[in-house]
1. Among the residues of region 22-32, is any closer than 28 Å to residue 104 by Cα, under 15 Å from the mean Cα position of the chain (by Cα) and charged (D, E, K, R)?
2. Kindly indicate whether any position in region 226-234 is in contact with a Pro (Cβ under 7 Å, 6 or more places away or on another chain), within 22 Å of residue 146 (Cβ to Cβ) and at pLDDT 95 or above.
3. Scan region 46-61 residue by residue and report those that are within 9 Å of the ligand (Cβ to nearest atom), assigned to a helix (DSSP H, G or I) and not hydroxyl-bearing (Ser, Thr, Tyr).
4. If residue 101 satisfies all but one of (1) more than 14 Å from the ligand (Cβ to nearest atom); (2) surrounded by fewer than 22 Cβ atoms within 10 Å (Cβ to Cβ), what's the number of the condition it fails?
5. Condition first: surrounded by fewer than 16 Cβ atoms within 10 Å (Cβ to Cβ), within 13 Å of the ligand (Cβ to nearest atom) and outside the structural domain of residue 222 (by TED's automatic domain parsing). Can you find one or more residues in region 160-180 that meet it?
6. Tell me the residue from 148, 157 that is touching a Leu at 6+ places or on another chain (Cβ under 6 Å) and at pLDDT 95 or above, please.
7. Residue 203: of a type outside the set (S, T, N, Q) and not assigned by TED's automatic domain parsing to the domain that holds residue 259, yes or no?
8. Inspect region 222-239 for any residue being among the acidic types (Asp, Glu), assigned to a helix (DSSP H, G or I), under 23 Å from residue 102 (Cβ atoms) and more than 10 Å from the ligand (Cβ to nearest atom) and give the result as yes or no.
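The values are calculated or read from the model by the stated rules, or taken from the named source; none is laboratory data. Nothing here was measured: the structure is a model prediction, and the numbers come from that model. As a convention, Cβ positions derive from the backbone with ideal geometry for all residues, glycine included, and neighbour counts pool all protein chains shown.
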Amino acid sequence: MSTIQKVGIIGGGQMGSGIAEVNARAGLDVVVVEVSDAAADAAQHRVQASLDKATSRGKITAAEAAAVVKRVRVTTDLGDLKDRDLVIEAATEIEHIKLEVFAKVGGLLERDDAVLASNTSSIPIVKLGAVSGRSGHVLGVHFFNPAPVMNLVELIPSLTTKQETLDRVRSFVSDTLHKQPIEATDRAGFVVNSLLVPYLLSAIRMYEAGYASAGDIDNGMKLGCGHPMGPLALSDLIGLDTVRAIGISMYDEFKEPLFSPPPLLDRMVDAGLLGKKSGQGFYPYE
Ligand code: CAA
């Protein structure tokens, strides 16, 4: 049996609620911490909606879904994380917010070997480790959206992560969560976003330049290359604010123009057009 049985998730947004579901479906006891009662209710609702979808698709039975819900407790008190074996931070992709969270949570975990992980896509793990006061037990554990469906998890040790921490989490991801881990260096973007984000930003530039319609750009990649969704629909799914934030972190790190968000993306984020989660991005959503 894995030594990781009690899991905490910080943030119950799109990624946090998906990661909570993945852990609860693996039989683990899960606490999700949100910033307000309203956000906590929304997180609970997201887990339920995803389980309903999984049930309607025949992935799990209604009884299994009900048992999964019982394993997820949503709270607004970070102190509820103190007895956790593993905490995965999935807060907004803003560096100062993540640094504050790591400083607070690093100081309250009771177990010496408790692991504090970040689902960041691009913020240096070494910085999060440094403020936590327990850098040997800090690493990146990066899930993909939608977390209950996508099988990959990137593991990102920093210069100060202990080998035993990485080994323990790798076994946990493959043997308990039944997902495929790959290892990446602590550089903005890791493996997948380093390849994916310049592609998404290129599609947005193409749309901005009037090269083709959104539907034709997306159909081009779906029908011509066999992608499950086109780059503009995928940007909407990830969240345009998140795509922009990742692009900025990668541009800051490498100064590579392809990573720099185009003006249209900036304006859409400023306007609150964030994609699927806000109801409107390149496409409208219910
Ligand atoms: N729980 C369990 N299974 C689910 C589910 C849920 N909540 N929702 C859907 N599924 C299953 C379905 O049952 C189906 O399984 P089968 O193929 O075995 O029948 C499968 O997932 C596909 O679902 P749908 O039939 O509903 O098909 P869809 O068209 O709605 O697919 C999609 C949705 C899975 C999102 C697909 O379009 C896809 O793979 N898109 C690409 C997603 C992607 O690239 N994600 C990575 C984003 S990058 C990222 O996340 C990192 C970052 O840092 C930004």
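1. The answer is no, given that none of the residues of region 22-32 is closer than 28 Å to residue 104 by Cα, under 15 Å from the mean Cα position of the chain (by Cα) and charged (D, E, K, R).
2. No, region 226-234 has no match at all.
3. Filtering region 46-61 down to residues within 9 Å of the ligand (Cβ to nearest atom) leaves 49-60.
Of the ones still in play, those that are also assigned to a helix (DSSP H, G or I) are 49-56.
Across region 46-61, the qualifying residues are 49, 51, 52, 53, 54.
4. (2)
5. Yes, some residue in region 160-180 is surrounded by fewer than 16 Cβ atoms within 10 Å (Cβ to Cβ), within 13 Å of the ligand (Cβ to nearest atom) and outside the structural domain of residue 222 (by TED's automatic domain parsing).
6. 157
7. no
8. Within region 222-239 (the criterion being among the acidic types (Asp, Glu), assigned to a helix (DSSP H, G or I), under 23 Å from residue 102 (Cβ atoms) and more than 10 Å from the ligand (Cβ to nearest atom)), the answer is no, since none of the residues qualifies.
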